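The structure appears right after this line, and notes come after that.
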Amino acid sequence: MMSRSFLFFIFSLFVVTSGSGQQTAFQWQQIAPGVWKSVIGSPDGITPLAVADVKPRLDGLQKLGDMPFPTLLGESVHEKTDNKTFLRFPLQQGEQLFGLGLNFKTVQQRGTIKTLHVDHYNGKDNGRTHAPVPFYVSSLGYGVLINSARYITVYAGTGVLAEGKHTPAEMNRNTQRNWSAQPYSDAVEMVVPAAGTEVYVFAGRTPMEVMQRYNLYCGGGTLPPKWGLGFTHRTPTLFTDKQILNEVAEFEAKGYPLSFVGLEPGWQSHSYPNSFVWDSTRFPHPDQFLKQLATKNIRSNLWINPYVSSHSPIFKDVLPYTGSHTVWVGRVPDFNLAPARDLYKSLFTKQHLSIGVSGYKVDEVDGYDHWLWPDVAKFPSGIGAEQMRQIYGLQFQKMTDGWFREKNQRTYGLVRGSNAGSPWMPYVIYNDYYDHRDFITALCTSSFAGVLWTPEARTSKTSEEWLRRMQTVCFSPMAMLNAWADGTKPWSFADVADEVKAVMQLRMELLPYLYTTFAQYHFEGKPPIRAMNLVDGFSFDDKATTAQFNSTDNPYAMAVKQDIKDQFMVGDFLLVAPLFAGETSRKVVLPPGNWYDFYTGKLAGNGEVIDVKPASLAIPVFVKEGGIIPMIPFQLHTPGETEKLPLQIRHYGTTEASWNLYDDDGITFDYEKGKFSWAQLTVKKDKKGKLTGSWIAPKDPSFHYTKATWEFMTR
């Protein structure tokens, strides 16, 4: 079976004629289990997957097993016209589509039109976004990736062929009440403004398996250092080292957790454009400052954008390797050229990495158009400005990750621009947009784009809004408060300070569960934050009758058919349903199977829509039947490399279950050499039917957990 998965085979070539020219079928070659590739025309030399330098995790792909090529896509065709490449992929009636980048308004994408373009999000899902990954996933169990660094226009089930296989009947609006402004479309059509492109297909038994294959093909998801999953506070701009240390001390004195601090633009001697060197008046001894943080087990993260000030030590040397246009009058380095990369590596290593900086926040690599270089800009590598726009964030992620890898030190940072091939990169996307509801939608859609997204908390008009934002943050890939502009603190609203502290503490207690969830991302390709459409059994039957979708008789079926964008999964077991300011209740769609209240263990429902009216101000969280949630005692800072702690393991429901807990040193890349452990956590029923828990701790002396106490939440 496995040997067959690597056999190359080619689907037969055929030609069809249409009024617009000649359309040709794809030739598909299987390149990994469940993964196929087709090369159309003459692709560009630079592509997102090439820039990301993806190295497929064949071990993970092999464990998923082989799959046949999706039959439906055998009808796909392409055409070259006007020096552009047209692509057409068929759709079935009732088929749902997800993906097409990081979106903020909708999870389902069928019926949308987008031009995929790296940009700062500006309130519309039109393709201009921070990660316009040209990849879509079908509810039928396949995904399609266009590996091109161009502005790709996608018609996701909107165009109607005059002589297509499923051309809808003409209707009369005057007499037919069911007339539709959007007639049925049976295809995804794309325009790639290039002479050719690469196309990949990923097959799966479910949408989740499709995403696993995509993430694994891109190297497996990132595994952050443990400190990266703690809480981070970005300090106000122009703060001094003493002011930052005072804030760190205040967090500790008040009992609020903190694992790393972010320094905003004022740490540099010049910013917008940037010198990349420390301001000596605010940070006279940056090495000592970082050591003081390290003694408390707190890391640092530096804000940057890549554009060079004339005051930077590398300015004169980097000039020959910069583009024709500036950003904030800063020179734009062309990182396709080794000398430019080497200059940055030398300066950043000396100024930052060598004295203990742990990561970066990479700003302004996304847009807007009037901030970045125009598409008429030229770069010394000869790569066009359009392609540079699409890959610039990718390049910086890969470059900086490489610096830390040479030190055998994991990093975890923030970035404003990304693209295909980035799952393995240790960066989380963020932006300046600040709509709480849309933040949740983006958490959902990130799982279909192969990226991580964080809805940072910055400020709020009311204490209620502040609490709800902080709760969402604490169930995100990076738990971040960004106080750069107004100095907001977790305790700024005294009437909810205890509730904010409680959810921050819960974040720290959940570290074993969260870290294992990211290990699944790395080894199995499962996104850590998951849209509900990735949950097994969470689907609708498109053949069902109208009566079956009656909102009174079957509200669950109606709800699932709609766009579920305000709730999400964290890992295998936790369903998070945030509340928003002004809400005292909300509806939650529970997938099939029993689901339990996280806090009480009481049964909440099974495959239904429930009304939730929390008795407290806590964020609603539910746990799947058989859910095993390993936790540790609350710590102000992420546990140190040699620190060992007891486990408190919660079990929900009434069934036997097992789950594997992951651990490694939490700091280095030694796990890539096999230095990691899995501990099996098991719940069984004894002869009297009583649930009992056990675990098999690994013999590895570096394992970080000493003993396990079981708590059976459902009684």
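The values are calculated or read from the model by the stated rules, or taken from the named source; none is laboratory data. What you are looking at is a predicted structure, and each value in this text was computed from that prediction instead of being measured. Reconstructed Cβ throughout: ideal geometry from the backbone, glycine too, with neighbour counts over all protein chains shown.
A few remarks follow.
- Number of the condition not met by Thr295 [criteria: (1) in contact with a helix residue (DSSP H, G or I) (Cβ under 8 Å, 6 or more places away or on another chain); (2) surrounded by fewer than 19 Cβ atoms within 10 Å (Cβ to Cβ); (3) among the β-branched types (Val, Ile, Thr)]: (1)
- For Leu343, the criteria (1) in contact (Cβ under 8 Å) with a residue 40 or more places away in the chain; (2) assigned to a helix (DSSP H, G or I) hold in every case but one, which is (1).
- Only a single criterion out of (1) surrounded by fewer than 21 Cβ atoms within 10 Å (Cβ to Cβ); (2) in a loop (DSSP other than H, G, I, E, B); (3) in contact (Cβ under 8 Å) with a residue 60 or more places away in the chain is not satisfied by Asp287, namely (2).
- Only one of Ile610, Ile564 that is β-branched (Val, Ile, Thr) and either free of Cβ contacts under 8 Å to residues at least 24 places away in the same chain or in the same structural domain as Tyr652 (by TED's automatic domain parsing) (or both): Ile610
- Residue count, region 440-466 (criterion: touching an Asp or Glu at 6+ places or on another chain (Cβ under 9 Å), surrounded by 23 or more Cβ atoms within 10 Å (Cβ to Cβ) and over 16 Å from Met532 (Cβ atoms)): 1
- Of all residues making up region 356-412, the number that are surrounded by 20 or more Cβ atoms within 10 Å (Cβ to Cβ), under 22 Å from the mean Cα position of the chain (by Cα) and in a loop (DSSP other than H, G, I, E, B): 9
- Applying the condition of being of a type in the set (A, V, I, L, M) and in a strand (DSSP E or B) to region 103-120 and asking which residue is nearest to the chain's Cα centre (by Cα) yields Val118.
- Only one of Gly221, Gly266, Gly228 that is within 27 Å of the chain's Cα centre (by Cα), of a type in the set (Gly, Ala, Ser) and not in a loop (DSSP other than H, G, I, E, B): Gly228
- Annotation note: of Tyr521, Tyr513, the sole residue that is more than 29 Å from Gly417 (Cβ to Cβ), within 19 Å of the chain's Cα centre (by Cα) and modelled with pLDDT of 95 or more is Tyr513.
- Only listed residue being surrounded by 13 or more Cβ atoms within 10 Å (Cβ to Cβ) and part of a strand (DSSP E or B), chosen from Phe634, Phe622: Phe622
- Any pair with Cβ under 6 angstrom, 6 or more apart, that starts in region 176-189 at a residue that is over 25 Å from Tyr142 (Cα atoms) and ends at one that is surrounded by fewer than 20 Cβ atoms within 10 Å (Cβ to Cβ): Trp179/Met171; Trp179/Arg173
- Any hit, region 467-477, residues being outside the structural domain of Leu636 (by TED's automatic domain parsing), touching a Gly at 6+ places or on another chain (Cβ under 7 Å) and either within 24 Å of Asp566 (Cα to Cα) or surrounded by 19 or more Cβ atoms within 10 Å (Cβ to Cβ) (or both): no
- Boolean, Gly164 is under 24 Å from Val35 (Cβ atoms) and not hydroxyl-bearing (Ser, Thr, Tyr): no
- Selected residue (only one of Asp542, Asp611, Asp553 is under 27 Å from Lys105 (Cβ atoms), modelled with pLDDT under 95 and surrounded by fewer than 16 Cβ atoms within 10 Å (Cβ to Cβ)): Asp542
- Of all residues in region 53-96, those satisfying the criterion of being within 30 Å of Gly111 (Cα to Cα) and out of contact with any strand residue (DSSP E or B) (no Cβ under 9 Å at 6 or more places or on another chain) are Thr71, Asp82, Asn83, Gln93, Gly94.
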